[in-house]
Structures are given as C-alpha cells and as structure tokens.
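The values are calculated or read from the model by the stated rules, or taken from the named source; none is laboratory data. As the structure is a computational prediction, the values presented were derived from the model and not from experiment. Cβ atoms come from the backbone with ideal geometry, glycine included; neighbour counts cover every protein chain shown. Protein only, heavy atoms only, side chains kept; ligands, DNA and RNA dropped before computing areas. Shrake-Rupley method; radii C 1.70, N 1.55, O 1.52, S 1.80 Å.
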Amino acid sequence: MGYVVGTLKAVKQEDPEVYAAFRAEEKRQRDKLVLIASENYASPAVLAAQGSLMTNKYAEGYPRRRYYGGCQYVDAVEELAIARAKQLFGCEHVNVQPHSGSTANMAAYLAVLKPGDTILGMALSQGGHLTHGSKVNFSGKLFQAFSYGVDRETELIDYDAVQQKAEEVRPRMIVVGASAYSKVIDFPRFQEIAKSVGAYLLVDIAHISGLVATGLHPSPVSHADFVTTTTHKTLRGPRAGMVMCKEEHAKAVDKIIFPGLQGGPLMHVIAAKAVAFKEALAPGFAAYQQRILDNARALADGFTARGYHVVSGGTDTHLFLLNLNSRGVTGKEAEEALDASGIIVNKNAVPYDERPPAVASGIRIGTPIASTRGMGVSEMSQIVAWMDEVLHHPTAKRVQSRIRKEVKALCARFPVFSDS
Ligand code: PLP
C-alpha cells in the first residue's frame, strides 16, 4: 500500500519546505500506529488520481451538461464514479461532486428545507456530528435544531425517546448517523419514526460506508430520503463527500450542489472517487471490511477483559469509545501519553460527559488503518497490552519510549510506503 515517494520529486525541486513536511508526514504515518476511527490510508492509485492533472479542469455542471468546453474526459470519470457508486450502494441517484461530508449534508438539508425549519439529530456530545445540528455549525445556525441521544444506562440509542422527541418538536427532517457510536443503527425504526411525524429522513453513513457497501452493516438506502457519506473513512477513498437519494429528490439535490453550494467540481478528486469505488467493488474489499470488524471487536473485548468501560457495551463497527472515568486519566491525558508511545487516538466526549470537549473523559479507537496495514487479531491483543500499560502509567516516560520502539517495530512488519 501507499505512494512511491519518488513521484514527489517535482515538489522536492520546486518547494523543499513543503517536501520536507511531506517526508515527515510520511514517516509519521509509517512509524506510528494510527487508531483514529475517521482516517484511513488510501491506495497508491487513489493518491495518484487525486494528485493528477484533472485538477486543471473546470467542469461546472454535470456530465454532458457542462458550462465549459473540453470536458469529455472528465465526463468519463464522473460517469464512472456515478455508475460505480450506484452499484456499490444500490441507490437510485447519486451526486459525487460534494467537496466534503459537511457539504454533502448541507446539500441534503437545503435540497428540501428552508432556513428556520426544524431538524432533529443525534447530539454531538452523545456521538453525533457537528453538521447534525450543533449550535456552532451551519446546521445549528440555519435551522431550529433539536437533538436525541443514548440511554444513560445502556448507552444505546433510545428509540422510544427519539419517537417522543420527534412528536414533541415535529421536525421537517430527522438526521441519523454518528461519528462516535459503535452499535448497529436501526434504520427501519428511524424510517417509522420519520414517517409518523411527516419528516424527511437523512442518514449520514460517513463512518460506516465501507461496512454498508459490503453488507456488513445494514444499509439505510431503501429507508431514507437522503444518504450522505464521506469517501475517505472506512470507504478508503479520497477526502470528499457524496449524496445519494431517491429519484424524486434527484433534481433538487443536483441543483443545490451546483449551482447552489459549489462552483467547479474537483475533477481530480472525483477521478479518485471512481478509482476508490472500483477498489471497493473488488472481491478483496469485503475481506478488508471484515478484518476491520474483527479487529475492532478484538480490541473492545481485550479492553473489557482488562476491566475497562467500553461505551455501549462493545462494538458492531470499526470503532468504539473507552470511558476512562474510573481510570484516573482524562481523554486529553490519554491521547497525549499514547501519542508519546507511538499510538495515535483522539480524545472524545463520552455520553453524559462532565468534562469539556477539549479535555473529555474518553478516547475513540478505530481499526481502518491497522486493518489496511494487514494487522489482525493477534496484533490487536498486543496493542491492548501496550495501551493498558501506558494508561496505567500515563506520565512514565520510560514506558512510553520503550513502547514507542515496539510500536515502530510492529509497524515495520506491516509496511505501507515504499521509498524508491
Ligand atoms: N458526517 C459524519 C458522521 C462525520 O463523522 C464527518 C467527519 O468526521 C462528517 C460528516 C464531515 O465530513 P468532512 O470532514 O469531510 O466535512
């Protein structure tokens, strides 16, 4: 996996400072064990497509309906991306132009809502995403946003409470999906709730889209009016987004993305999406997604066996949260101590967290990158042992430096970048 560093020769000649940062970042990605749930290592073909000369092309509009000449070849890649996305997810319509997951969500909202309308999404503090109605985000500023969360005891989505809240606030749209929720989401139940109050249903599968594409998490496509995703998390494509929808919303979605929200689409990124979707349709991708699941489960089970509080009682996905409240270490301290040990995670609020998000009481752990490197469940038990040791001695520099070397040696056994 990974890019060949030699292809960056032109950057080295033109801009040694940027090149130095590339090399340092390459070393970081190579030598550290990255367990950030929202990240992945894209393939050499995806990276090459994203770094290609299609970046030079303006192509406002849609294939065969552009506002610029010379679009025949970028049309071909956008048509491939569309056809492959439809095959992957079985959706009626897809727009592959959103620059990011946030833009994809903005498009899904504005395709059918007006500013001031009411939305109901999962609270950021309970696992939802900023764009699902947080007050600091456009979604909370533009709309009257209400939120639902998880049950205090089970830490699972409380569907009865969602139904009650929906009846209370009568949203025009219900938003489903999360950045930090580890269990299967019941999409048919959300469809029922949305239907009962006459709301549109938007499901954001940014995190789980690789699992959905391979049938390892139920698909929301037949249940939701709109399904949005990023393409760079479990799906392992370029950093970007897309919107899927029912045919009846196709025109509104296309119109709001261009000319409503964006100008020229990033054709090099769309080319990279086409490549990534081809990779995701290939037989090995399902095995990769299964390894992601097996590894996440092995890590969660390992922490549970050592007495840790795994939020929601385990994982059905690529990620889970560890609540560190009983461990005498904050999320921030854990993130820093693990980083010093060569293990990269992010601090994360846990449900009903009393600490501010910049400190947080938990960490989020995910397996897309470790699985891309080819690691399996036996490596996971070693990783649990290292993390447990660091979390027991969060200020012990000698422990950190020993484990950092051991982590580097493990990473060297599962290489990602070649140096020629
Ligand atoms: N939706 C969810 C559930 C996410 O987790 C994220 C990113 O973390 C996004 C949307 C936003 O994606 P982007 O960072 O590409 O704007």
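Some observations on this one:
- Residues that are polar (S, T, N, Q) and surrounded by fewer than 24 Cβ atoms within 10 Å (Cβ to Cβ), drawn from segment 80-104: GLN87, SER100, SER102, THR103
- The residues of segment 364-420 that are surrounded by fewer than 20 Cβ atoms within 10 Å (Cβ to Cβ) and among the small types (Gly, Ala, Ser), listed by number, are GLY374, GLY376, SER378, SER381, ALA385, ALA396, SER401, ALA409, ALA412, SER418, SER420.
- Once segment 181-205 is narrowed to residues that are within 13 Å of the ligand (Cβ to nearest atom) and open to solvent by 10 Å² or more (accessible area, probe 1.4 Å), the residue that is nearest to ALA252 (Cα to Cα) is ASP204.
- Segment 118-141 residues that are closer than 22 Å to GLU167 by Cβ and touching a residue at least 24 places away in the same chain (Cβ under 8 Å), paired with ones that are in a loop (DSSP other than H, G, I, E, B) and near the ligand (Cβ under 10 Å from one of its atoms) (beta carbon under 6 Å, 6 or more apart): GLY121/GLY128; MET122/GLY128; MET122/ALA178; GLY128/ALA178
- Residue ranges of helices (runs of 4 or more DSSP H) in segment 238-322 with at least 1 members in contact with a Lys or Arg (Cβ under 7 Å, 6 or more places away or on another chain) and at pLDDT 95 or above: 267-281
- Remark: pairs (first residue in segment 288-314, closer than 13 Å to ARG364 by Cα and open to solvent by 10 Å² or more (accessible area, probe 1.4 Å); second residue basic (Lys, Arg) and modelled with pLDDT of 95 or more; Cβ separation under 7 Å; 6+ apart in sequence or on different chains) = SER312/LYS183.
- Residue match in segment 216-237 (condition: among the small types (Gly, Ala, Ser) and on the phi > 0 side of the Ramachandran plot): no
- In segment 120-135, the residues that are away from the ligand (no atom under 11 Å from the Cβ) and out of contact with any helix residue (DSSP H, G or I) (no Cβ under 7 Å at 6 or more places or on another chain): ALA123, SER125, GLN126, LYS135
- Out of GLY70, GLY101, sole residue that is under 30 Å from VAL311 (Cα atoms) and either more than 16 Å from the ligand (Cβ to nearest atom) or in contact with a helix residue (DSSP H, G or I) (Cβ under 9 Å, 6 or more places away or on another chain) (or both): GLY101
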